[in-house]
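Below is one structure, written out as structure tokens; the observations come after it.
The values are calculated or read from the model by the stated rules, or taken from the named source; none is laboratory data. The model shown is predicted, which means the values in this text are computed figures rather than measured ones. Neighbour counts are summed over all protein chains in view; Cβ atoms, including those assigned to glycine, are modelled from backbone coordinates with ideal geometry.
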Amino acid sequence: MGTNSVREPSYITAAGTEEASPSLITTRNSVSSGPQKQKGKRRLLKWLNPGVILPLLAGVLFLLLWEFQVFHKLFDLKKYQLPLPSAIWEAMRENYSLLLSYTGYTLTEAVVGMLIGSACGFLIALAATAWPRWGGGSLTLVAALNAVPIVALAPIMNLWFGDGIGSRAAIVTATTMAAMAINAYKGMAAVDPLALDLMHSYAAGKPAVFRYLRIQNSLPYVFTALKINATASMIGAIVGEFFFSSRGLGYLLSNSIKVAKMPLGWSCIVLAAIAGVLFYLIVERLEKVFIKWHSSQRS
């Protein structure tokens, strides 16, 4: 018995060749372009999300009120006290190379200090978890160090490390250590008792428990601390440059205020804010890559 086959509709051309019908070609093209259209729709819906649109509209409205001097009238401010966004933009355009160089210098101080401070804080958390009797006191010391104002630490660090990147990195290290130590310790200590019993039932040693359970459980807390430190590190670096430095956004901001170049000073503030936001977004992106398994990353 022969099998029945369904043949696609076609037509004969003038040259005698058989080709698919135009309607079939259109159907195939629409099917192939379907995923692309769906992807474009998803992108459009993402940008039309109220969580994206509303902050953008609020930002545009804020800049318009600022540019048309609404804030100046409300708070009785002069233009030299609060430069207009157009004047700040002009200062950024005229001093582009200088601002870019100083932004890179300050960001380097912040990144180096944050990495060192976060690493030290994580080691302190490990010690406090492994040896609670002896390591627990280190958390108290770190919290006490974090309570010291940056303006008090900056002159001491500048005296110790001199006019260089090391002094500002040391300031950032001191200001970012506590957030990592406390958050990482909380993540290592707050393990599921059932998971801990399961590890013990398999005769897992202390290193294995730390590697596969405690450290794994602390990763969401670690990234929370890193996001906190991403912005705190920029503050520490800029404040450190106020006291003793020959480069950086803090140095330029301090000098601009002294000589009444307020648009240039505000340019430093804007670039510091942009650098801090980008730094935060990078850490947030790394969080999505490294802890995909966590419930907070599931959409």
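Results for (1) modelled with pLDDT of 90 or more; (2) over 25 Å from ALA170 (Cβ atoms); (3) in a helix (DSSP H, G or I), shown as yes or no for each residue.
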{"site": "PRO207", "(1), (2), (3)": "no, yes, yes"}
{"site": "ALA225", "(1), (2), (3)": "yes, no, yes"}
{"site": "ASN229", "(1), (2), (3)": "yes, no, yes"}
{"site": "GLY265", "(1), (2), (3)": "yes, yes, yes"}
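Within the range 104-123, the set of residues being polar (S, T, N, Q) and surrounded by 19 or more Cβ atoms within 10 Å (Cβ to Cβ) comprises THR106, SER118.
What residue, among those in the range 273-299 that are among the hydroxyl-bearing types (Ser, Thr, Tyr) and at pLDDT below 80, is nearest to the chain's Cα centre (by Cα)? Give the steps one after another, and end with the answer.
Within the range 273-299, the first condition is being among the hydroxyl-bearing types (Ser, Thr, Tyr), and the residues that meet it are 280, 295-296, 299.
Going one step further and asking which of them are at pLDDT below 80, we end up with 295-296, 299.
Numbers: SER295: 20, SER296: 16, SER299: 20 Å.
Taking the candidates together, the pick is SER296.
Among the residues of the range 144-168, those identified as of a type in the set (Gly, Ala, Ser), surrounded by 14 or more Cβ atoms within 10 Å (Cβ to Cβ) and assigned to a helix (DSSP H, G or I) are ALA154, GLY166, SER167. Within the range 242-256, restricting attention to residues that are assigned to a helix (DSSP H, G or I) and modelled with pLDDT of 90 or more, the residue that is surrounded by the fewest Cβ atoms within 10 Å (Cβ to Cβ) is ASN255.
Output yes when any residue across the range 70-86 is assigned to a helix (DSSP H, G or I), aliphatic (A, V, I, L, M) and in contact with a Phe, Trp or Tyr (Cβ under 8 Å, 6 or more places away or on another chain), and no when none is. Lay out the reasoning, then the answer.
Here is the first cut: in the range 70-86, the residues assigned to a helix (DSSP H, G or I) are 70-75, 85-86.
Those left that are additionally aliphatic (A, V, I, L, M): 70, 74.
Narrowing further to those that are in contact with a Phe, Trp or Tyr (Cβ under 8 Å, 6 or more places away or on another chain): none.
Within the range 70-86 (the criterion being assigned to a helix (DSSP H, G or I), aliphatic (A, V, I, L, M) and in contact with a Phe, Trp or Tyr (Cβ under 8 Å, 6 or more places away or on another chain)), the answer is no, since none of the residues qualifies.
Exactly one residue out of ILE182, ILE171 is crowded, with 22+ Cβ neighbours inside 10 Å and at pLDDT 90 or above, and it is ILE171.
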